[in-house]
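Structure first, commentary second.
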Amino acid sequence: MIKKSIDTKAPINDIIASRWSGVAYDSEKTVSQEQLLSIMEAGRWAPSCFGDQPWRFIVCNKSENTEAWQNLYDCLAEGNQPWCANAPVLIAACHDTQFSLNDKPNPWGAYDTGAASVSMCLQATDLGLMTHQMAGFSADLIQEKFSVPERYLPIAVMTIGYQDSEENIPDAFNERELAPRKRNPLGENFFMGKWG
């Protein structure tokens, strides 16, 4: 995987530092069921409000179920389809809008599902895989094609796979894949004791 250096103001865990959202996947390398189970376990143990675990993930592994993978691929925005075409795994992240314990609205379901998603991304990185989360998809199509109950909202789609070698990166993705990683300065997003 292409290593991209980052500028941190304090040391951080290597897995966090090396995780980034690439777009050039190796179409010849599949993700094993064992790897997927490890990634799902990481999501399973994420924190959630009241331990409610509002996340539901629809995992579509191209090598195991081409039809399911194609159904999720067809839900992607036109701009995402070209780079997702070689990703061996597509995952739809959905969250329960209600608490399972009392069916009252759960305003933290999306937040908790995001926590589970990040756990999965970090575990995938630890396994030498690349992930990319995206918002360019049709939630209505996912609900329709996968019979998702109305109370569960699709909020993201994630790709998982092996990054393609640098010499095989298509020209269309070259600039995006090789661009340096950037983040806002700490003081722009993190405030100590008061806003701003």
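The values are calculated or read from the model by the stated rules, or taken from the named source; none is laboratory data. Computed from a prediction, not measured in an experiment: that's the story for all the values here. Cβ coordinates were reconstructed from backbone atoms using ideal geometry, including for glycine residues, and neighbour counts include every protein chain displayed.
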Candidate set: the stretch 81-97, residues that are more than 17 Å from LYS29 (Cα to Cα) and without any contact (Cβ under 8 Å) to a residue 60 or more places away in the chain; chosen: the one surrounded by the most Cβ atoms within 10 Å (Cβ to Cβ): ASP96
Close pairs (8 angstrom Cβ cut-off, 6 or more residues apart or separate chains): under 21 Å from GLU78 (Cα atoms) and basic (Lys, Arg) in the stretch 134-159, surrounded by 17 or more Cβ atoms within 10 Å (Cβ to Cβ) and modelled with pLDDT of 95 or more anywhere: LYS145/ASN71; LYS145/LEU72; LYS145/CYS75
Complete set of residues in the stretch 112-122 that are farther than 23 Å from TYR73 by Cβ and either of a type in the set (Lys, Arg) or touching a helix residue (DSSP H, G or I) at 6+ places or on another chain (Cβ under 8 Å) (or both): ASP112, SER119, LEU122
Residue check, GLY196 at positive phi and at pLDDT below 95: yes
Helices (runs of 4 or more DSSP H) (entirely within the stretch 131-196) containing at least 3 residues that are over 11 Å from ALA92 (Cα atoms) and either of a type in the set (A, V, I, L, M, F, W, C) or touching a Pro at 6+ places or on another chain (Cβ under 7 Å) (or both): 171-178
Hits in the stretch 166-189 (condition: surrounded by 11 or more Cβ atoms within 10 Å (Cβ to Cβ), more than 18 Å from SER5 (Cβ to Cβ) and not aromatic (Phe, Trp, Tyr)): ASN168, ILE169, PRO170, ALA172, ASN174
Total residues in the stretch 116-153, condition among the small types (Gly, Ala, Ser), within 11 Å of the chain's Cα centre (by Cα) and surrounded by 15 or more Cβ atoms within 10 Å (Cβ to Cβ): 4
Spans of helices (runs of 4 or more DSSP H) in the stretch 1-79 with at least 3 residues touching a residue at least 12 places away in the same chain (Cβ under 8 Å) and surrounded by 17 or more Cβ atoms within 10 Å (Cβ to Cβ): 33-44, 66-73
